[in-house]
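To keep things clear, I will list the structure first and then write my remarks on it.
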Amino acid sequence: MQTRLSYFCIEEARPGMVLGALLTVVTDGVLRFSLPSGHVLTEDNLFQLAAHHAEVIYVQEPDPRSAEEAEAEAAMATARVNSIFAGADLANPVTAALFAQVLRFRTA
């Protein structure tokens, strides 16, 4: 089965979820906690994340959509993000980075 990447707040996270990206918790520029992409979350991990005030995780979850449905949804999301940023100066590195992150989030 295909998977898709989704964001979850820590309160919604459950043991058994698989991280879709490296997870790091940094406080005042100091790395406090880290788990690798692909790590299967445990109850202890969730306790540690809460203790370190983590807010959001990026996880892999089953994707019941067909490849065509996923592609169509991604195309619609891309068109929507492009319309939102239509007047933006994407030559500006900060704006371009924001655009890339919004696009990644919306098409995941």
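Where a number appears in this text, it was derived from the coordinates with a stated rule and is not lab data. If you're wondering where the values come from, they're calculated on a predicted model, not measured in any experiment. Note: ideal-geometry Cβ built from the backbone for every residue, glycine included; neighbour counts use all protein chains shown.
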Amide proton proximity set for residue 17, modelled H, under 5 Å, gap of 5+: 41
Contact order relative to length of the chain, as percent, for alpha carbon pairs under 8 angstrom and 6 or more apart: 31
The chain: most fluctuating residue of 18, 56, 30 per GNM, C-alpha cutoff 10 Å: 30
Trypsin sites (Lys or Arg not before Pro) restricted to DSSP loop in region 41-108 with at most 15 other C-beta within 10 Å: 65
Region 1-23 and region 85-100: distance between their alpha carbon centers, rounded to Å: 28
Dipole-positive endmost among 95, 107, 72 within the chain (Cβ charges, Cα centre): 95
Amide hydrogen neighbours beyond the local backbone of residue 33, cut-off 5 Å, H modeled: 25
222 nm mean residue ellipticity, helices alone, for the chain (DSSP H n ≥ 4; -39,500 (n - 2.57); rounded to 500): -12500 deg cm²/dmol
Unit charges on C-beta of K, R, D, E only; dipole of region 67-107, Debye: 220
Shape call, region 3-62: gyration tensor on alpha carbons, a/c limit 1.5: prolate
Whole-Hz couplings from phi, Karplus 6.51/-1.76/1.60, listed for region 72-78; x for Gly and Pro: 5, 5, 5, 5, 5, 5, 4
Reported label for calculated Cα extents along the principal axes in Å given (1) 44, 38, 20; (2) 57, 33, 21; (3) 36, 35, 24: (1)
GluC sites (Glu not before Pro) within region 40-108: DSSP coil, no more than 13 neighbouring Cβ in 10 Å: 55
